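*Asks:* Below you will find the structure I want to go over with you.
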Amino acid sequence: MHHFEPRLFDLLYHLTASLNDAGGEIDVICGYRNPQTNEFLRTRSANPGVAVHSLHMQAEAIDIRLPGVATSAVRDAALRLQRGGVGYYRESNFVHVDVGSVRRCWPEFIPLWSRSRRGRIV
């Protein structure tokens, strides 16, 4: 069993609260991944966003949907929080959030994770 980083739950709470959906349902697409699963997804997935050293393997990342809330709205709310990484996967209809450094990725437009510079996302 692998325990999730508590800051991830804080992030999810603040994210849903910022969307006026505190305590609402969260659909988890992917949470913890073991290294073998991560490597499988990284090498065989059509999704280029799977990182070699994914924070999913440290239980510091989660891919989600909020029923009834557009994934673009979830993405924008997560970016405003500036609490970690935000990945937006429009075609797959989910948002990745993590408690790592502030950065963003959405394969259709930003194929690699871009880091924050001076508190601003680039």
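*Asks:* Name the residues whose placed amide hydrogens come within less than 5 Å of the amide hydrogen of Ile29, ignoring near sequence neighbours (fewer than 5 apart) on the same chain.
*Replies:* Asp63, Ile64, Arg65
*Asks:* Just in region 1-92: which GluC sites (Glu not before Pro) are loop by DSSP and have at most 15 other Cβ atoms within 10 Å? If you can, show how the numbers build up before the last one.
*Replies:* Numbers: sites: Glu25, Glu39, Glu60, Glu91; in loops: Glu25, Glu60, Glu91.
Of the GluC sites (Glu not before Pro), the ones in loops of region 1-92 whose Cβ has at most 15 other Cβ atoms within 10 Å are Glu25, Glu91.
*Asks:* Over every pair of different alpha-carbon atoms in region 1-44, take the mean of 1/r and invert it; report that Kirkwood radius in Å. Could the numbers behind the result be given before it?
*Replies:* On the way: mean 1/r = 0.0803 Å⁻¹.
One decimal place: 12.4 Å for the Kirkwood radius.
*Asks:* Return the long-range amide H neighbours of Val86 (sequence gap of 5 or more, or a different chain), with a cut-off of under 5 Å between placed amide H atoms.
*Replies:* Arg103, Arg104, Cys105
Only the coordinates and a few stated rules stand behind these numbers; no lab work does. Computed from a predicted model, the values in this text were never measured in an experiment. Every residue, glycine among them, receives a Cβ derived from its backbone with ideal geometry; neighbour counts consider all protein chains shown.
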